[in-house]
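Have a look at the structure below before the remarks.
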Amino acid sequence: ASLQRNELSERRFLQLNKCPACWGTSWCRKFLNGQLRLESWGRLRLLDFFNVKNVYFARYGEPREGSRRVVLKRLGSAQELADIDTKICRRATGRGRCDLLQALHATEFASLNGDVRLLTPDAVEGWSDLVHCPSQRLLDRLVRRYAETKDSGSFLLRNLKDSERMQLLITLAFNPEPLVLQSFPSDEGWPFAKYLGACGRMVAVNYVGEELWSYFNAPWEKRVDLAWQLMEIAEQLTNNDFEFALYLLDVSFDNFAVGPRDGKVIIVDAENVLVADKRLIRQNKPENWDVWYESKFDDCDKEACLSFSKEILCARVTVDHNYYAVCQNLLSRHATWRGTSGGLLHDPPAEIAKDGRLEALLDECANPKKRYGRFQAAKELREYLAQLSNNVR
């Protein structure tokens with residue numbers, strides 16, 4: 001029976017009844033009109049047991065355009081979403097269960113009401129990685145680009161409706177991924193999946209392509225091109241004209257995907273991104289703000305390990321964290337994933353292996369022997385990979 005029904009048009013499946021303790025409503029009309037349908041296997045609720053991350057693939061149809069593939073995310077496991085309700089109830093009533101909508105009005109999500117002009121750092125600092133050390137400039141950007149309102153374009157918090165304001169704050173506190181995608185959009189060249197809209201506790205993003213993992217044994221030339229793009233992403237997120245450093249705190253093969261037509265690498269999981277405002281760091285000059293920071297190599301036995309200090313990422317202008325994360329967890333011989341080792345650049349052709357330069361640069365980038373060695377190695381590695389894949393720009 002579940003194969004016949006279109007659950008994406010059902011308010012209960014979308015958890016629309018939880019709003020405004022939800023991610024938004026901008027795409028509700030499309031969902032409720034039946035313009036989105038789960039792909040075949042996604043319709044079997046028995047498989048939800050295996051779908052811990054609550055990520056679904058669907059077809060989205062526009063009358064004039066035909067259909068395209070989209071990715072739907074609940075932004076948390078069933079347990080994590082239940083925990084949101086419990087936390088809201090506890091904050092409001094001290095009990096784990098309550099009338100969610102009534103309880104919301106007794107939380108900090110409602111206290112920032114229509115009288116409050118701006119979303120300020122002291123109100124939300126530390127709520128999530130995105131706002132671990134927020135600047136006013138970053139928060140104005142989040143509000144101005146908030147896509148779940150008809151009145152986007154204003155950085156004034158009071159220009160949002162009460163429900164929109166609460167949705168924004170709840171998203172910021174529990175899973176800020178949609179806000180990263182909205183504030184640093186793919187349309188402007190940021191390497192993130194495109195945000196489409198939300199309904200209840202389901203958001204829709206553009207389907208990019210297969211995960212990076214599926215290219216682990218691709219031809220050498222392809223892997224070199226992907227590695228070059230990954231290093232370019234690390235550079236763009238670290239140094240850009242906007243003077244926001246976006247640090248990836250979770251880097252693994254399933255957090256990136258590759259476009260089938262253009263071969264472009266895109267970040268498809270942006271929940272754990274810390275944004276530091278370099279302009280603010282220069283202005284405030286915290287202790288050692290201008291000393292280059294080198295991340296410590298983390299030789300742990302688990303997959304996708306990273307060691308970092310959020311406090312230091314927030315307080316230094318020059319940081320090598322993104323190069324370190326990409327080299328250690330994706331490219332070098334230290335990268336382990338799903339029982340494999342050797343990283344994306346495993347088994348290079350004989351002449352490259354014999355030359356030894358690639359291995360030396362990857363080693364220095366992952367686990368530097370010289371002071372500030374990673375900064376230099378990352379720069380040279382980008383140039384060398386560009387040369388190897390004829391990607392000289």
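The values are calculated or read from the model by the stated rules, or taken from the named source; none is laboratory data. Being a predicted model, the structure only gives us computed values, none of them experimental. No Cβ is skipped: glycine too gets one built from the backbone with ideal geometry, and neighbour counts run over all protein chains shown. To get the accessible areas, we keep the full protein, side chains included, count just its heavy atoms, and leave off ligands, DNA and RNA. Shrake-Rupley method; radii C 1.70, N 1.55, O 1.52, S 1.80 Å.
Tell me the angle of helix 220-238 to the major Cα principal axis of the chain, expressed in degrees between 0 and 90 and rounded to the nearest ten.
The helix 220-238 is inclined about 60 degrees to the chain.
Based solely on its DSSP helices, what 222 nm [θ] is calculated for the chain when runs of n ≥ 4 H residues each add -39,500 (n - 2.57) and the sum is averaged over all residues, nearest 500 deg cm²/dmol?
-9500 deg cm²/dmol
In whole angstrom, how far apart do the alpha carbon centroids of region 327-352 and region 198-258 sit?
17 Å
Does the chain come out rounded, prolate or oblate, given a ≥ b ≥ c as the square roots of the eigenvalues of its C-alpha gyration tensor, rounded meaning a/c under 1.5 and, failing that, prolate meaning a/b above b/c?
Oblate, since a/c reaches 1.5 and b/c is not below a/b.
Taking the Cα atoms only, what angle lies between the long axis of helix 357-366 and the longest principal axis of the chain, rounded to 10 degrees?
The helix 357-366 is inclined about 40 degrees to the chain.
Less than 14 Å Cβ to Cβ from Ser214, Lys/Arg counted +1 and Asp/Glu -1: what total charge do the surrounding residues give?
Within the 14 Å Cβ shell, the charges total 0.
With charges set only on the Cβ (+1 for Lys and Arg, -1 for Asp and Glu), what does the dipole of region 258-393 come to about its Cα centre, in debye to the nearest 20?
440 debye
Got a sec? Charge dipole of the chain, +1 on Cβ for Lys and Arg, -1 for Asp and Glu; which of Ala350, Asn284, Ala366 is way out at the positive end?
After comparing all options, I get Asn284.
What accessible area per residue, rounded to a whole number of Å², is obtained for the chain using a probe radius of 1.4 Å?
Counting only protein heavy atoms, the per-residue value for the chain is 47 Å².
For Arg69 paired with Arg5, estimate the spin-label separation in nm (one decimal), with each label point 7 Å from Cα along the Cα-to-Cβ line.
Reported label-point gap for Arg69 and Arg5 is 2.7 nm.
If you filter region 60-117 for trypsin sites (Lys or Arg not before Pro), then keep DSSP loop positions with at most 14 other Cβ within 10 Å, what is left?
In loop regions of region 60-117 (DSSP not H, G, I, E or B), the sparsely surrounded trypsin sites (Lys or Arg not before Pro) are Arg64, Arg95, Arg97, Arg117.
Any chance you could run the full-extension gain for Arg338 through Val291? It's 0.36 nm times the residue separation minus the Cα-Cα distance, nm to one decimal.
Stretched fully, the Arg338-Val291 segment lengthens by 13.2 nm.
So what's the net charge close to Leu280: Lys and Arg +1, Asp and Glu -1, counting the other residues with Cβ under 11 Å from its Cβ?
Result for the local shell: +3.
On full extension of the chain, what length is gained from Glu62 through Asp241, given 0.36 nm per residue of separation minus the C-alpha to C-alpha distance?
Net length gain for the segment: 60.8 nm.
Quick one: of Lys53/Lys370; Lys354/Lys379; Lys87/Lys310; Lys278/Lys354; Lys278/Lys369, which pairs are farther than 30 Å apart, Cα to Cα?
Lys53/Lys370; Lys278/Lys354
Would you please classify the overall shape of region 243-307 from the alpha carbon gyration tensor, given that a ≥ b ≥ c denote the square roots of the eigenvalues, rounded means a/c under 1.5, and beyond that prolate means a/b larger than b/c while oblate covers the rest?
Since a/c reaches 1.5 but b/c is at least a/b, the shape of region 243-307 is classed as oblate.
Looking at region 309-361, which GluC sites (Glu not before Pro) are in a loop (DSSP not H, G, I, E or B) and have at most 13 other Cβ atoms within 10 Å?
Sites meeting the loop and neighbour criteria: none at all.
Among Val275, Ser77, Ala198, which residue has its Cα positioned farthest towards the positive end of the charge dipole of the chain, with +1 placed on the Cβ of Lys and Arg, -1 on the Cβ of Asp and Glu, and the dipole taken about the Cα centre?
It is Ala198.
So what is the relative contact order of the chain, in percent, for Cα pairs below 8 Å that sit 6 or more residues apart?
14 percent
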